[in-house]
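**Q** Before I ask anything, here is the structure I am working with.
Every read-out reported here was derived from the displayed coordinates using simple, explicitly stated rules and does not represent laboratory data. In this text, all values refer to a predicted model and were calculated from it rather than measured experimentally. Every residue, glycine among them, receives a Cβ derived from its backbone with ideal geometry; neighbour counts consider all protein chains shown.
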Amino acid sequence: MGKKLCFRCNARSALLRRPKNGQPYCRECFYDAFETEIHTTIVESKLFVPGDRVAIGASGGKDSTVLAYVLKRLNDMYNYGIELFLLSVDEGITGYRDDSLETVKRNEQAYGIPLKIVSYQELYGWTMDAIVKEVGLKNNCTFCGVFRRQALDRGAALLGANKIVTGHNADDMAETVFMNILRGDAPRLQRCTNVVTGSSDTLPRCKPFKFTYEKEIVLYAYFQKLDYFSTECVYSPQAFRGHARAFLKDLEALRPSSIVDVIRAGEAIEVVEEVLQSTPNRCVRCGYLSSQSLCKACVLLEGLNRGLPQLGIGREAMKVQSELLASVAEPASAHPIASENTNDGDASASASVKAPKASRSARRAANRHQPHSEETLRKLARGREVTHVPEVDLQDALSW
Ligand SMILES: [Zn+2]
Ligand SMILES: [Zn+2]
C-alpha cells in the first residue's frame, strides 16, 4: 500500500480504493461516506418515523450483519427514535443455518438488539433438510423462498414490528432488474427497484442498502471486524441469478457505476397500467395475502404432505389448487384463479389458467417423484458447484 493521501480529507493516508468510484479513501472517510449514503437513502425515502418497531431480517451473513450494525449506529447518531429487533428464520439446514444462527446470537449480545428466531419446523412442520430429501435440489429454492417470505411476516408479527428491513444491496437489486427483464416479468420489474415493497396488507419491507455496493459491505465488515458467517447455503445453486451476477460483475469491472446505472434504468422503465393488474386476496386456508385463492405456501405444503412434492411446482400447482379449493368451505367458483402470482419467491407458477388433464398429470408427477438418497444428493450438489457465483473480488480495492 502506497503513501497516497485520502481523496476526501486530503490529510490522512489512504487505506483502500472505494469500489464505487475508484478513489483512494482513508479509514475514517470510508466509514463516514458509507454510513452517510445509507442515512441519505433512509431520509430521502422516509423509511422510518419515530416509534417504528423495525425487524431486521438477520441471516448472520455479511449484508444483514452490517445492516444491523449500521442501523444501530445511525439510530443513535441521528435519533431516528426507532426500536430495532433481529429476526432470524431457521430453515432447518444442518451445517449452514445452525452455524449462521450462532453468529446472529453473538450479534444479539454484541449490539444489544433483541433476537427472535422462527423456524420452518414450527411454522410448517417441515425443515429444508427434510424437504430436500423429498424434492431433491431442483426446486428446493422455490419452497425456501416462499416459506421464508411468510416466516418473516409471521416472526415480525410476533415481535409487534411494523416494518421489516432486509440487507438487499445494490448488486442484488441490479441482478433482479436483469432477471426480470430476461423473464419478461413486467410487474416485478416495476416494483423490484422500490426501496419499500409490500402492499397495504403485508408489512413493508425496506432496503436501506439499495445503493450500497456489495464490495463496500464486505470492506466495511472487514475493517470494522464484524462477526459474520460467510458460507453459502448448501442447497442454493440459483443458476439463473448466478449468470445475471456474473454478467453484472463483468460490467462492474469495466465501469464501476454500472450497478447503480442498471438500478436507475430499472427505475426509469415504466410499465403500462393494464399489465400491472393484480387482485389482492387472502388465502382461504391460512389467511396469508395471496393473489390466488390459495397462497403458494399452502399449495407447496399440500404437495409435501401428500408425498407428491412436485404437485406444488409449475403446472401441477393448478391441480392442487383446484382440488384443495373443492375441499375448503369457500366455493371455488368465487375465486377464479388469477394468472399472476405476487409471491416474490423464484417460483415460476404456470400462467396457464386452463386446468391440466388431472389424472394423467397426477400419474406423471407420481412417477417422477422418488425420494433422493444421500448419495444422489451429494452427486447433485457436486454437479452444482460449477454454477457457483464468483467470489467477491477485492483485488482492485486493496492493492495499488
Ligand atoms: Zn480521509
Ligand atoms: Zn395459505
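**Q** Kindly identify the range 1-106 as rounded, prolate or oblate by the Cα gyration tensor criterion: order the square roots of the eigenvalues as a ≥ b ≥ c, call it rounded if a/c is under 1.5, otherwise compare a/b with b/c, prolate if a/b is larger, else oblate.
**A** Oblate, since a/c reaches 1.5 and b/c is not below a/b.
**Q** If packing is taken as the average number of other Cβ atoms within 10 Å across a peptide's residues, how do 65-75, 106-116 rank, most packed first?
**A** The densest-packed peptide leads the list: 65-75, 106-116.
**Q** Once Lys and Arg get +1 and Asp and Glu get -1 on their Cβ, which of Thr231, Phe211, Ala186 lies farthest toward the positive end of the dipole of the range 165-234?
**A** Looking along the dipole axis, the top candidate is Ala186.
**Q** About the Cα centre of the range 1-136, what is the dipole size in debye to 20, counting +1 per Lys and Arg Cβ and -1 per Asp and Glu Cβ, all else neutral?
**A** 980
**Q** Can you pick out the pairs among Lys3/Lys225; Lys138/Lys210; Lys20/Lys215; Lys116/Lys215 whose Cα atoms lie more than 19 Å from each other?
**A** Lys3/Lys225; Lys138/Lys210; Lys116/Lys215
**Q** Moving on. Rounded if a/c is under 1.5, else prolate if a/b is larger than b/c, else oblate: which is the range 225-269, with a ≥ b ≥ c the root eigenvalues of its Cα gyration tensor?
**A** Here the range 225-269 falls in the prolate category.
**Q** Can you find, among Phe143, Gly112, Met128, the residue farthest towards the positive end of the dipole of the range 97-149? Put +1 on the C-beta of Lys and Arg, -1 on that of Asp and Glu.
**A** Towards the positive end, the residue furthest out is Phe143.
**Q** Note down the magnitude of the dipole of the range 16-274 about its Cα centre, charges +1 on Lys and Arg C-beta and -1 on Asp and Glu C-beta and zero elsewhere, to the nearest 20 debye.
**A** 240
**Q** Still on this model: Based on the alpha-carbon gyration tensor of the range 16-274 and its eigenvalue square roots a ≥ b ≥ c, which shape applies: rounded if a/c is under 1.5, prolate if not and a/b is larger than b/c, or oblate?
**A** rounded
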